[in-house]
Structures are given as structure tokens and as C-alpha cells.
Amino acid sequence: MCSSIQQHTAAIEAAKAANVAFIAYTSVVNARESQLVLANDHAKTEEAISASGIPHVFLRNNWYVENEKDTILASVSGAPFLSPIGEGKVGWATRNDYAEAAANALTLSVHDQEIYELSGPLRTHTELAHIVSKVSGKEIKVEKIDVDTFGEFLASNGVPKEAVPFVKAIQSGIRDGALAVESQDFKTLLGRPLTPIEEGISELISK
């Protein structure tokens with residue numbers, strides 16, 4: 001089976017052969033310096049795109065608030081808001097805002113920068129849970145647990161055992177600050193303020 005890097009490299013080579021004029025690649029925040037488990041593949045893909053000579057921009061996405069859907073819905077239903085990331089901060093934003101930023105990146109005639117670090121306001125899980133409480137009108141209790149305990153919780157709730165180490169590695173990276181990247185680039189691409197995180201959470205709860 002091909003690795004994601006091999007697949008990305010093949011796609012870049014095909015794009016070059018087809019005389020593709022521009023690439024907007026969705027990467028991850030701080031890709032070339034980050035210790036996040038996701039970052040290495042993205043960093044190597046960025047390098048391959050740069051080496052191709054095709055004009056490009058890198059859209060380094062932080063975290064979708066939708067990634068927290070299961071935790072949010074469980075907490076609204078009365079379960080504790082489980083947090084294995086300690087005081088780690090995350091630049092959550094809505095998936096729609098990331099999509100609109102990417103669309104805008106493809107339609108701009110000129111870019112004055114190669115890299116856009118797309119992060120919303122930095123918040124901890126405790127701060128996010130407070131917003132969930134305000135939106136839902138329910139008291140949300142945060143339970144801070146270590147990453148290993150979180151892994152055991154995932155395994156006991158149907159997450160495939162082979163996927164648990166990967167999820168644990170992501171949580172460890174977030175705990176250690178991998179997503180704590182501040183930037184105003186989101187507003188630059190959107191041409192407007194970000195969608196309030198309260199709206200994104202309200203939509204998750206109402207679905």
C-alpha cells in the first residue's frame with residue numbers, strides 16, 4: 001500500500017505533467033517545525049510542491065470544531081467533557097470557514113504570501129466547554145484525564161484498537177502546544193471575521 005507521501009508525490013507529478021497552473025494545498029499548522037504526528041507527511045508534501053515549481057500556497061489548517069462533536073454531544077447529554085490535553089490550546093474554527101478560505105485562495109489572482117496559518121482564537125478545552133455550557137444552557141463538567149486513560153476510554157467505546165495509538169499521539173501533541181499557533185491569516189483570506197465558535201457549536205448540537 002502506498003504511503004500518503006507517495007500518493008501526494010504522484011499527484012504533484014501528475015499535476016506538473018498536466019501543466020496545472022496553481023496548487024492550494026491544505027496542510028497543518030506550523031507543518032515544518034511541528035512535532036504533531038500529522039505534520040511530517042504535510043511537511044514533505046509542502047517540500048515536494050515547492051520543488052515542483054508549480055505556483056502554490058499552503059493553507060495550514062488548525063482544528064475543526066467539528067472534530068469535537070462526539071465530546072460536545074456527550075457532554076450536553078450529561079457525560080463529563082473528557083479532556084486529555086491539559087492546558088493545551090487549540091485554534092478551533094468551523095469547517096465551513098476553512099472551506100471558504102480554501103475557495104478564496106484558489107480564486108485570488110495574486111498572493112502576497114506562500115503560507116497561510118489558519119487558526120481561530122486559541123482556547124483550552126476548559127474554555128471550549130464553557131462555551132458549550134453557554135450555548136446549550138446546561139452545566140458542562142470538564143474531567144481532565146491523562147492520554148493513556150483517554151486511550152482506554154476510546155478502546156472501550158468502539159474505536160478500533162489499531163487507531164487508538166494515533167489518536168493518543170494527536171492528543172499528546174495538542175497537550176504539548178502543537179496547535180497553539182496564533183495568526184490573523186484566516187481573516188485575510190476570508191475578508192471578514194471568523195464565524196463565532198458559538199454558532200458552530202450551536203449547529204453541532206441542533207443536528
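For this structure, a couple of remarks:
- Per residue value of the accessible surface for the range 1-95 (all protein chains in place, 1.4 Å probe), Å²: 47
- Bridge orientation summary for the chain: considering DSSP beta bridges with both residues in this region, about 5 percent are antiparallel.
- Å² of accessible area per residue within the range 103-144, as computed with a 1.4 Å probe and no ligands counted: 58
- Shape class for the range 66-207: prolate, because the ratio a/c of the largest to smallest gyration tensor axis (alpha-carbon atoms, square roots of eigenvalues) is 1.5 or more and a/b beats b/c.
- Positive end of the dipole of the chain (Cβ unit charges, origin at the Cα centre): among Ala178, Thr195, His42, the Cα lying farthest that way belongs to Thr195.
- Taking 0.36 nm per residue of sequence separation and removing the Cα-Cα distance, the Phe166/Glu152 pair yields an extension gain of 3.7 nm.
- At full extension, Arg192 and Asn19 could sit 59.0 nm farther apart than now, given 0.36 nm per residue minus the alpha carbon distance.
- Under the criterion of Cα pairs below 8 Å and six or more residues apart, the relative contact order for the chain equals 27 percent.
- Added length on full extension, which subtracts the Cα-Cα distance from 0.36 nm per residue, Thr126 to Ser77: 15.9 nm
- Distance in nm between pseudo-label sites at Glu182 and Glu143 (7 Å out along the Cβ direction from Cα): 3.4
- By the helix-only formula, in which each DSSP H run with n ≥ 4 contributes -39500 (n - 2.57) and the sum is divided by residues, the chain has a 222 nm mean residue ellipticity of -14500 deg cm²/dmol.
- Of the residues Tyr64, Tyr98, ranked by 1.4 Å probe accessible area with the largest first, the sequence reads Tyr64, Tyr98.
- Label-zone membership for the range 99-126, site Arg32, 7 angstrom Cα→C-beta point, backbone N under 18 Å: 112-118
- Separation in nanometres of the label points that stand 7 Å from Cα toward Cβ, at Gln7 and Glu87: 3.9
- Dipole magnitude (debye, nearest 20) for the range 1-154, charges at Cβ of Lys, Arg, Asp, Glu: 260
- Global form of the range 132-188, assessed from the alpha-carbon gyration tensor, a/c cut-off 1.5: oblate
The values are calculated or read from the model by the stated rules, or taken from the named source; none is laboratory data. Computed from a predicted model, the values in this text were never measured in an experiment. Glycine gets a Cβ as well: all are built from the backbone with ideal geometry, and neighbour counts include every protein chain shown. Side chains are part of the model used for accessible areas, which takes the heavy atoms of the whole protein and leaves out ligands, DNA and RNA. Shrake-Rupley method; radii C 1.70, N 1.55, O 1.52, S 1.80 Å.
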